[in-house]
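Below is one structure, written out as structure tokens; the observations come after it.
The values are calculated or read from the model by the stated rules, or taken from the named source; none is laboratory data. Please read all numbers here as calculations on a predicted model, not as lab measurements. Glycine also receives a Cβ, built like all others from the backbone with ideal geometry; neighbour counts cover every protein chain displayed.
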Amino acid sequence: MMADESVLEGWRERIADAARAGVPLRLRGAGTKDFYGEGLAGEVLDLRAWRGIVDYEPSELVITVRCGTSLSEVEAALAARGQLLAFEPPALGADPSLGGVVAAGLSGPRRMFAGAARDFVLGTRLLTAQGELLRFGGQVMKNVAGFDVSRLLCGSLGILGVITEVSLKVLPRPRLEETLCLELSAAEAVAAFNRWAGLPLPLSGAAWSQGRAWVRLSGAPAAVRAAREQIGGDPAAAAVAAGFWSALRHCQLPLFAAEGIWRLSLPPATPPLALPGEPLIDWGGALRWYANPPDGVAVRAVAERAGGTAQCWRGAPTGTRFHPLPSALATLHRRLKERFDPRGVFNPGRLIHGL
Amino acid sequence: MAASEVIPDIATALRAVLPAECVLERAEERRPYECDGLTAFRELPAVVVLPRSDEEVRETLRTCHRLRVPLVARGSGTGLSGGATPHPAGVLLSCARMSRVLEVDPVSRIARLEPGVPNLKVSEAAAGFGLYYAPDPSSQVACSIGGNVAENSGGVHCLKYGLTIHNVLGLRGYTVDGTRIELGGLAPDGPGLDMLALTIGSEGLLLIVTEVTVKLIPRPPCAQLVMASFADVQSAGNAVAAIIATGIIPAALEMMDRKASAAVEPFVHAGYDLEAAAILLVEADGTPEEVREQVEEIEAVLRAAGAGALRVSGSEAERLLLWSGRKNAFPAAGRLSPDYYCMDGTIPRKHVGQVLEAIGQMEERYGLRCMNVFHAGDGNLHPVILFDANEPGCWQRADRFGAEILELCVALGGTITGEHGVGLEKLNSMCVQFSPGERAAFFAVKEAFDPAGLLNPGKLIPTLARCAEYGRMHVHGGALPHPDLPRF
């Protein structure tokens, strides 16, 4: 069901009231990522009422949806026409809204091979602190008119305004998908992932968990068959493979039952880190998850030395949840926030403490 | 501040921090920098600086910032929108001497580059590892990677491999006051706002980049091109949609209208079908088996969509020959006409027939010819308007013709620039695409990075006053109030 325009009118009033009263708003879709970010503050503005697929033309490879539309509704519409969201956004709970998916900017196992969430954002509509509805980007693949504010909003956690609508590039479902399993050590797996990524192979996933490497191939049947020969290993049964990639994408593998979880982003070829415990490795080596590390400070230092960053995903953070920003970059964040949201109405402190 | 007051101060100040050979002051030395690829716009910069290192860029910035002097960065000067047109009272910073490939890492599949490295050199440096850099603007022999970052450049393979933004991993450089800044890097999706995405395509208004880290990808072992003729443009457009509907994402999917193929054929002898209203060039790449499968399928779809003659490249030489016409469309326009003006709108693909028909009507109305090349896969249209700048009023007509095409693109849900950028050229059209609130948001971004407004001032975002002025001209039926006055 499409929403009517009075929804946005109501939000405008809430924004104006919030600015007047000095009580900020906490933008919320389905609430599946309430745990995510530095902290929650303000009165909830529920964004689910502005929902519906505004436009979807498979031959244009673009879908435009309102922020409250659920991920499952969008994926079902795409699947019916043989297409998908290639960045595989995680559903970290029941069924996230697309606005939340874009505001968090998280990507799944295909990220290193197909692109990140922001790579698929073509356009957005933003309801600003001034109550204006602005449009950035559009519904076309190539668009360099003005600054790329749409992609800036992807991953902004709502601190610049309400993302009311997004246009996303979509892709055809691969003709064939196969998963190979290889018994490898973490070091061997990372080396192999990076070697294969340098060859013309139709990789769409490369992960390692508990002594086993999982390699997903997606594409034209001829290319998948040729790659299977080159990589070796044992083909996983379709249901097993689907179960693994889904659990990896949605953070449902056993590691995610831990109370404390750290998420490290690294140069993909980084050898195994000197940290206690065995990681779960995704993104061909570039994403590594650790359960219950004894010392968050050490995790952050090790990640930084390797040229990466570390985020406390679940559990009590040591200092900030997100990796701290260098001061020059933090200054730019502050100045952007001051200009987009001078009264501090939207999601204060969610992306960066005090902002 | 008059240019004459500024020049001695800024030049002296720059010479105090830079080696003498890096600072060009004499008019004849500055002359080569007066324009970029959009030659209709010319300005002599007050000073030209040719830094050779990161530190020299920093010193240039600090000096300009201290004296509040505008600064315009320039790569190879191949840009088509006046993004590198100098400021008459400012410094033109050329990256020409910063052209080293700093590192090629085949394991991490990245290259670290100084901003002046030509686009094609990146792929050449990576070729020994079976890797290449995907974005391939037509000017790739000359255009620099720094310029590509500034413009978010595309090319003919964007549909499958993306634009610059999809292929750049990290940037290093300086903010306007000479503060070092690093965005992105080898570790993906870092914390905070995606300033890397914001900076790419920002046309030199936000930062000065001194190092670019790009993603290298494996070179597909095989590529084959299918050329198809169509008796009408709409059928060619439908064929494009039909290919996408099969689930194939071709490596490239290009369209040329009859005027374009007729213009290039005598130039390249590629064997284009000159009877066809439109020809499509569809490229498949991948493993030999994969390409064979895809080509068969593409041929079947094209036939079903009403293609007349079909030709499949039988060799790499033939593939490159068939491409050569498309890649030489602009030089061919230069042979046909004393001047040409290349537009760069993007539309939802489905409207291509309607747009080309409308352009045909505009040709009659403006009394100018226009040939069309089209990145059909991603909806990016390049109408090339032929005109003679020596004929009084002719450039003004070409300019209005181009603006009307862009307005049509916006009306159909598209954009005024797909890959060439706004620069100075499309400032008026920005007034059509964006509301005052949206333009204010762009200025807010600009102020956050460059409060004093020194980096490439006057480009990319039109002021309220300019849009008001343009709006008034519009009211008068598209006719300029004083058509004989030079406007630039």
> Hey, among B:Tyr174, B:Tyr133, which residue is of a type in the set (Ser, Thr, Tyr) and more than 27 Å from A:Leu171 (Cβ to Cβ)?
Replying inline: B:Tyr174
> Which pairs do you get when a residue that is more than 7 Å from chain A (Cβ to nearest Cβ) and surrounded by fewer than 24 Cβ atoms within 10 Å (Cβ to Cβ), found in the range B:410-426, comes within reach of a residue that is not in a loop (DSSP other than H, G, I, E, B) and not hydrophobic (A, V, I, L, M, F, W, C), reach meaning Cβ atoms under 6 angstrom, with the pair 6+ apart or on two chains?
Replying inline: B:Val410/B:Gln433; B:Leu412/B:His351
> Based on what the data block shows, is B:Val117 under 25 Å from B:Glu56 (Cβ atoms), aliphatic (A, V, I, L, M) and either at the interface with another protein chain (Cβ under 7 Å from one of its Cβ atoms) or buried (at least 24 other Cβ atoms within 10 Å of the Cβ) (or both)?
Replying inline: yes
>> I'd like the full set of residues that are within 22 Å of B:Leu171 (Cβ to Cβ) and more than 8 Å from chain B (Cβ to nearest Cβ), limited to the range A:332-353.
In response: A:Arg334, A:Lys337
> What single numbered condition from (1) of a type outside the set (Gly, Ala, Ser); (2) closer than 26 Å to A:Ile261 by Cβ; (3) touching a strand residue (DSSP E or B) at 6+ places or on another chain (Cβ under 6 Å) fails to hold for A:Leu92?
Replying inline: (3)
> When you look at B:Glu391, is it facing chain A (nearest Cβ under 8 Å), surrounded by fewer than 22 Cβ atoms within 10 Å (Cβ to Cβ) and acidic (Asp, Glu), yes or no?
Replying inline: no
> List, please: which pairs have Cβ atoms under 8 Å, are six or more places apart or on different chains, and start with a residue in the range B:174-190 that is assigned to a loop (DSSP other than H, G, I, E, B) and end with one that is among the basic types (Lys, Arg) and surrounded by fewer than 21 Cβ atoms within 10 Å (Cβ to Cβ)?
Replying inline: B:Asp177/B:Arg62; B:Gly178/B:Arg58; B:Gly178/B:Arg62
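Residue by residue, here is whether (1) outside the structural domain of A:Val44 (by TED's automatic domain parsing); (2) closer than 30 Å to A:Leu47 by Cα; (3) more than 25 Å from the chain's Cα centre (by Cα) holds:
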site	(1), (2), (3)
A:Ile159	no, yes, no
A:Ser167	no, yes, no
A:Ala189	yes, no, no
A:Ala197	yes, no, no
A:Pro200	yes, no, yes
A:Arg212	yes, no, no
>> Looking for something closer than 24 Å to A:Trp245 by Cβ, among the basic types (Lys, Arg) and away from every other protein chain (no Cβ under 14 Å) - is there at least one such residue anywhere in the range A:35-50?
In response: no
>> Take A:Gly349 and tell me if it is farther than 27 Å from A:Arg212 by Cα, outside the structural domain of A:Ser204 (by TED's automatic domain parsing) and modelled with pLDDT under 95.
In response: no
>> For the range B:375-411, which positions are over 21 Å from the mean Cα position of the chain (by Cα) and closer than 27 Å to A:Gln139 by Cβ?
In response: B:Ala411
> If we scan the range B:252-272, do we find a residue that is closer than 30 Å to A:Ala117 by Cα, within 14 Å of chain A (Cβ to nearest Cβ) and not charged (D, E, K, R)?
Replying inline: yes
>> Every residue in the range A:316-355 that is buried (at least 19 other Cβ atoms within 10 Å of the Cβ), among the hydrophobic types (A, V, I, L, M, F, W, C) and touching a residue at least 40 places away in the same chain (Cβ under 8 Å), please.
In response: A:Phe322, A:Leu336, A:Phe340, A:Val345, A:Phe346, A:Leu351, A:Ile352, A:Leu355
> Since B:Leu302 meets every condition but one in (1) in a helix (DSSP H, G or I); (2) within 14 Å of chain A (Cβ to nearest Cβ); (3) of a type in the set (A, V, I, L, M, F, W, C), which condition does it not meet?
Replying inline: (2)
> Which one is surrounded by the most Cβ atoms within 10 Å (Cβ to Cβ), of the residues in the range B:120-131 that are farther than 10 Å from B:Val214 by Cβ and touching a helix residue (DSSP H, G or I) at 6+ places or on another chain (Cβ under 9 Å)?
Replying inline: B:Leu131
>> What's the number of the only condition in (1) closer than 20 Å to A:Gln210 by Cα; (2) touching a strand residue (DSSP E or B) at 6+ places or on another chain (Cβ under 8 Å); (3) part of a loop (DSSP other than H, G, I, E, B) that A:Ala274 fails to meet?
In response: (2)
> Counting only residues that are buried (at least 24 other Cβ atoms within 10 Å of the Cβ) and of a type in the set (Val, Ile, Thr), how many does the range B:356-383 have?
Replying inline: 1
> Inside the range B:142-165, can you point out the residues that are in contact (Cβ under 8 Å) with a residue 40 or more places away in the chain, within 11 Å of chain A (Cβ to nearest Cβ), assigned to a helix (DSSP H, G or I) and touching a strand residue (DSSP E or B) at 6+ places or on another chain (Cβ under 9 Å)?
Replying inline: B:Ala150, B:Cys158, B:Leu159, B:Lys160, B:Tyr161
>> Can you go through B:Val149, B:Val176, B:Val141 and tell me which one is modelled with pLDDT under 95 and not assigned by TED's automatic domain parsing to the domain that holds B:Phe449?
In response: B:Val141
> Can you spot a residue in the range A:167-180 that is within 25 Å of A:Pro348 (Cβ to Cβ) and crowded, with 23+ Cβ neighbours inside 10 Å?
Replying inline: no
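Okay, residues lined up against (1) hydroxyl-bearing (Ser, Thr, Tyr); (2) under 18 Å from the mean Cα position of the chain (by Cα):
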{"residue": "B:Arg97", "(1), (2)": "no, no"}
{"residue": "B:Glu114", "(1), (2)": "no, no"}
{"residue": "B:Pro137", "(1), (2)": "no, yes"}
{"residue": "B:His157", "(1), (2)": "no, yes"}
{"residue": "B:Tyr161", "(1), (2)": "yes, yes"}
